[in-house]
Amino acid sequence: MKAKIVLLPGDGIGPEVLGAAQKVLEAVAVKYDHQFTYDKHLIGGCAMDASGTALTDETLSACIESDGVLLGAVGGPKWDDPTAKVRPEQGLLALRKGLGTFANLRPVKPHPDLLDASPLRPERLDGVDLVVVRELTGGIYFGEPRARKPLAGGIQAVDTMSYTDEEIRRVAHLAFKLARGRRSKVNSVDKANVLESSRLWRQTVTEVAGEYPDVELEHTLVDAAAMFLIQRPASFDVMLTANMFGDILTDEASVLTGSMGNLPSASLGESGPGLYEPIHGSAPDIAGQGVANPIGMILSMAMMLRYSLSLEDEAQQVENAVDAALSSGHRTRDLANAAETALNTQEMTRVIVDQI
Ligand code: NAD
């Protein structure tokens, strides 16, 4: 296969972990005789420094024309002023919008040898294998009006939670299709007892479920879902939810695995290239030290092989290589306990490449 991959290393540890993922991808290319070409662009703070904007039109066009986009992370203290007109996260939001990626997939499957790294008791984590499907381009993060208004003696701030049935339907279809390849269970999370947009969510998801009689559907209120994720996380298969609820629940779910450095994500649309990035940020506290855990980025790359390039065997090969590295006791600093020796980013990457 020939494929054009856009690399967006971004800021902080982004370039370190993306460099690691590219090495693993190259090992896959050699083993399976694929030809991947790479096109590297700036995004986030470094793009702001170079061009005054977090995502240039040229970078967006390159992404749209590619077969898959790998992104490190954006942001850092240098660009942290929340009142600034241009901010690193604008690059991410513009990229998701430009690519039409309306669904964010975050798999959570703790490695059996890392259960001690989780704050939950190991028996609670037994059998946990879930994917959160978060709607990504609608809801309260994009709804209008959003404004601040002066009031007599104060200020009022307004955000709007808005969904159309079509926005809900397309992400629901994606979740049900995904469930078919797993344990055939969708848990739709909303706040239908209070919010009108959630009542439309529940109604639309129920309608879509009619087209997937082989998939079990359960509805859960978001407050209960937050509790069940801690009490009985293994009961979830595919968790489908709106933008803001997903933002919060995915961070909660990430804690189950012990380190956010391990967790990948994929952002997918109806067509076009997907966007693949680890769930962690730019980790400015460790940037430049060469100690970042590259696993979240490497597993994101595996998701690109699966979803954008339809290379299932290759994706599994990468996932098995990561599993094997962890099973044989290799740990980066964020995963190692006091008795274990920590590998740096390059050493961990080499162990994973060697498995391929
Ligand atoms: P963070 O995820 O960058 O870091 C949180 C903690 O986890 C830090 O202690 C960090 O060292 C550690 N960590 C994160 N990834 C790691 C890895 N791969 N290996 C080892 N340790 C790792 O979150 P934060 O500190 O809240 O944010 C830092 C910056 O990143 C901010 O500017 C924030 O806006 C940005 N951010 C970007 C994204 C993104 O690009 N998608 C997501 C979240 C935060």
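The values are calculated or read from the model by the stated rules, or taken from the named source; none is laboratory data. Just so it is clear, the structure is predicted and the values come from calculations on it, not from any experiment. Ideal geometry is used to build each Cβ from the backbone, glycine not excepted, and the neighbour counts take in all protein chains shown. These area figures cover heavy atoms from the full protein model, side chains too; ligands, DNA and RNA do not enter into them. Shrake-Rupley method; radii C 1.70, N 1.55, O 1.52, S 1.80 Å.
First check a/c for the chain, with a ≥ b ≥ c the square roots of the eigenvalues of its C-alpha gyration tensor; if it is under 1.5, answer rounded, and if not, answer prolate when a/b is larger than b/c or oblate otherwise. Write down the numbers at each step before the final one.
Working: a/c = 1.43, a/b = 1.18, b/c = 1.22.
Because its axes are fairly even, with a/c under 1.5, the chain counts as rounded.
When we measure straight from the Cα of residue 185, which lysines land under 17 angstrom away, once same-chain ones fewer than 8 places off are left out?
Candidates past the 8-residue exclusion: 109, 177.
Quick check: from the Cα gyration tensor, does segment 119-257 come out rounded (a/c under 1.5), prolate or oblate?
Details: a/c = 2.61, a/b = 1.44, b/c = 1.81.
The shape class here is oblate.
Counting only protein heavy atoms and a 1.4 Å probe, tell me what percentage of the chain's accessible area is made up of carbon and sulfur. Can you show the working numbers first?
Numbers: 8030 of 15680 Å².
Carbon and sulfur: 51 percent of the exposed surface of the chain.
Tell me the relative contact order for the chain as a rounded percent, counting alpha carbon contacts under 8 Å between residues six or more apart. Write out the running numbers ahead of the final one.
Numbers: 771 pairs, mean separation 79.0, N = 356.
After rounding, I find 22 percent.
Name the shape class, rounded, prolate or oblate, that the alpha-carbon gyration tensor gives for segment 7-158, where a ≥ b ≥ c are the square roots of its eigenvalues, rounded holds for a/c under 1.5, and otherwise prolate holds if a/b is larger than b/c and oblate otherwise. If you can, show how the numbers build up before the last one.
On the way: a/c = 2.00, a/b = 1.24, b/c = 1.62.
Oblate, since a/c reaches 1.5 and b/c is not below a/b.
Roll a 1.4 Å probe over the protein chains and send me the accessible area per residue for the chain in Å². Working shown, then result.
Numbers: 15680 Å² over 356 residues.
Normalised by residue count, the accessible surface of the chain is 44 Å².
About the Cα centre, and with charges only on the beta carbon of Lys, Arg (+1) and Asp, Glu (-1), how big is the dipole of segment 119-257? Nearest 20 debye, please.
Numbers: 17 positive and 21 negative charges, 36 e Å.
Dipole magnitude for segment 119-257 comes out near 180 debye.
Quick check on packing: order 167-180, 286-299 by the mean number of other C-beta atoms within 10 Å, highest mean leading. Provide the component values of the computation, followed by the final result.
Numbers: 167-180: 20.7, 286-299: 22.6.
Ranked by mean Cβ neighbours within 10 Å, highest first: 286-299, 167-180.
May I ask you to list the aspartates and glutamates whose Cα is less than 12 Å away from that of residue 40, ignoring any residue fewer than eight positions away on the same chain?
Straight-distance partners of residue 40: 58.
Which ³J(HN,Hα) values in Hz, rounded to whole numbers, follow from the phi angles of segment 323-337 under the Karplus curve 6.51 cos²θ - 1.76 cosθ + 1.60, where θ = phi - 60° and Gly and Pro get x?
4, 5, 4, 6, 5, 8, x, 6, 9, 8, 4, 5, 9, 6, 8
How big is the gap, in Å, between the Cα center of segment 260-277 and the Cα center of segment 38-80?
16 Å
Which of the GluC sites (Glu not before Pro) found in segment 10-77 are loop residues per DSSP with 12 or fewer other Cβ atoms within 10 Å of their Cβ? Working shown, then result.
Numbers: sites: 16, 26, 58, 65; in loops: 65.
Counting only loop positions with at most 12 other Cβ atoms within 10 Å, the GluC sites (Glu not before Pro) in segment 10-77 are 65.
So what are the ³J(HN,Hα) numbers for segment 2-9, from phi and the Karplus equation (6.51, -1.76, 1.60; θ = phi - 60°), rounded to whole Hz, Gly and Pro as x?
For segment 2-9, the Karplus curve yields 10, 9, 9, 10, 8, 10, 10, x Hz.
What 222 nm value per residue comes from the helices of the chain, counting each DSSP H run with n ≥ 4 as -39,500 (n - 2.57) and dividing by all residues, nearest 500 deg cm²/dmol? Before the final figure, lay out the partial values.
Numbers: 12 runs with 143 residues, N = 356.
When only DSSP H runs of four or more count, the value is -12500 deg cm²/dmol.
Ranking request for peptides 268-278, 30-40: highest mean number of other beta-carbon atoms within 10 Å first, then the rest in descending order.
On the way: 268-278: 21.8, 30-40: 12.7.
Averaged packing, sorted descending, gives the order 268-278, 30-40.
What is the set of long-range amide H partners of residue 269 at a cut-off below 5 Å, with H atoms built 1.01 Å from backbone N?
For residue 269, whose amide H was placed from the backbone, the distant partners under 5 Å are 102.
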